[in-house]
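A quick write-up on the structure given underneath.
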Amino acid sequence: MTTTRKKKKGFFTLATAAGWTCFLLLLLFVSRVSFFSSFFNERYVYYPVIFLAPLTHAWGVWRKRGYRLYMPFAGNYIFVTLQAVAWIAFALSVASVFLHHFLLVEELFALIIATSFVSHFCVALSFHHWEKGENARDIARVFITSMSMTVLHGLPLIVFSMLLALAFFARPTVLVALLAAYAVFTRRLFPSDADNTIEIVRKFARDVLMVGLEEWHGEISIVRDVGKEEDEEDDDEEGNGRLIFGYSPHAFIPHSAAWLHLHPAFERLFPNRQVCTLAASIIFKIPIVREIFSFTGARSVSRKSFSKCLGEGKSVMFVPGGQSELCEHAQKVDEDEVVICMRHKGFIRIAMNVASDYQEKIRIIPIVAFGESSGVRNIFKRFISKKSYRYFGFPFPFIPVGIYFTPFPTRQSLYYAIGKGVSIEPNTSQTIEAIHKQYYEQVRTLFEKHKKLAKNSAHLRLRLVQS
């Protein structure tokens with residue numbers, strides 16, 4: 001039964017290809033020697049071939065059960081690949097016809113015929129691999145995720161290029177007016193210290209990006225380490241209290257700080273919590289970039305935003321090392337030193353103030369990430385970033401590169417160790433320095449313990465610096 005069915009399938013594919021090829025030859029013959037030659041002169045005689053792929057596609061809709069006109073990433077991997085090649089070739093054939101028709105490029109008939117036939121045969125051949133019910137949705141998720149992360153990595157450069165193009169083509173007065181109107185409108189509508197979350201964006205991140213990230217990196221592990229067993233009861237006392245998550249180290253682009261709290265494993269560890277990510281203030285000064293981050297729920301990292309998030313009963317995710325830690329980011333994939341900057345103490349002062357204002361315990365919880373720092377790196381040397389940060393307040397220039405110097409992040413597993421945290425009681429007598437010391441002792445302990453458990457991290461060395 002199975003063998004017969006496959007033969008029928010193969011026969012159908014070959015018959016479809018042969019049938020449409022005969023139709024093409026007949027159409028070309030008629031267009032050259034008959035009455036229709038008045039409609040197809042020497043210049044346009046090859047244009048009908050571009051209709052082969054759409055007609056073959058329509059034939060499949062008519063003959064194949066479950067086959068539809070629009071079904072992105074439905075079917076098995078081979079079917080999806082053949083369909084992708086077919087429609088890319090079809091797009092090239094249409095573009096070639098456009099260029100040829102408007103005399104932009106001459107002698108394109110060979111390319112028109114070649115791309116049309118490739119498109120036609122790939123669509124016909126894909127029928128052989130079509131099975132209703134199969135799908136390649138994971139391919140879609142990985143593709144969407146990798147492209148999304150790549151665009152986010154290069155977004156500042158993309159926006160800069162767009163503004164440069166506008167400056168080149170538009171009049172200066174028009175450009176200034178547009179930017180001024182945009183700045184006034186967005187600052188009033190989406191202030192950087194307010195909650196501008198769009199739920200559909202968070203849903204996209206949770207339902208699509210999370211699955212794609214798992215497929216891309218192979219494994220994402222999120223573990224909680226509260227120390228001794230007797231400390232677990234104290235850990236359960238967190239209840240619905242306010243938490244501050246300190247994420248370290250600051251990778252070149254620490255995108256995990258933006259999505260980590262949306263991961264199912266994190267949500268199981270900290271259920272029923274709203275987590276607000278605080279990002280560098282410079283992000284909220286770049287057009288388009290600020291809106292994208294705002295819509296995901298991120299806010300500018302400032303004293304006002306920090307206090308406002310905690311005052312709203314939310315938890316906070318931020319990178320204590322800041323941009324000074326970014327300047328120490330690894331330059332090579334195999335670099336074995338991880339630098340964490342301890343200079344900032346303002347987050348401890350804010351936590352103490354909020355705990356006293358609301359008479360509620362606040363816990364500052366360290367998170368140590370393994371695998372992200374070497375995922376994306378800057379092609380420019382570290383000392384350039386340090387110099388620019390010292391003089392301008394933010395490090396530049398930067399061009400993010402990942403695997404094989406492409407914009408795609410390196411495909412390696414990610415591991416996140418979450419500590420017990422340091423509790424701050426209302427009106428505590430502890431000093432900022434004492435809490436600061438406890439916090440970074442936990443960071444060091446987490447790093448040394450879990451680097452042996454994370455993949456490809458046992459060789460890493462931690463260096464804590466004050467500057």
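Each reported figure results from applying straightforward, stated rules to the coordinates on display, with no laboratory input. What you are looking at is a predicted structure, and each value in this text was computed from that prediction instead of being measured. Don't worry about glycine lacking a Cβ; one is built from the backbone with ideal geometry, like all the others, and counts go over all protein chains shown.
Before moving on, here are some points about what is shown:
- Value of Rg/Rh across segment 391-467 [Cα atoms, Kirkwood radius]: 1.09
- Relative contact order, whole percent, for segment 297-431 stands at 28, derived from Cα pairs under 8 Å and 6 or more residues apart.
- Using alpha carbons only: equivalent-ellipsoid semi-axes of segment 370-436, gyration tensor based, whole Å: 35, 22, 7
- Between the amide H of residue 399 and those of 379, 380, distances stay under 5 Å, these residues lying 5 or more places away or on another chain, with hydrogens modeled in the peptide plane.
- Amide H partners (placed H, <5 Å) of residue 245, local residues excluded: 316, 317, 318, 365
- Cα gyration tensor category, rounded, prolate or oblate, for segment 274-363 with a/c compared to 1.5: oblate
- Ranked by the mean number of other Cβ atoms within 10 Å of their residues, highest first, the peptides 453-463, 172-182 come out as 453-463, 172-182.
- For residue 308, net neighbour charge (Lys/Arg +1, Asp/Glu -1) across residues whose Cβ lies under 13 Å away: +1
- Using the Cβ of residue 343 as centre and a radius below 15 Å, the other residues enclosed give a net charge of +3, where K and R count +1 and D and E count -1.
- Long-range tail of P(r) for segment 141-465 (Cα pairs > 31 Å, %): 31 percent
- When only alpha carbons are used to place a centre, segment 403-467 and segment 202-221 end up 22 Å from one another.
- Database remark: amide H of residue 299 closer than 5 angstrom to the amide H of 277, 278, 279 (H placed geometrically; neighbours at sequence offset of 5 or more, or on other chains; Pro and chain starts carry no H).
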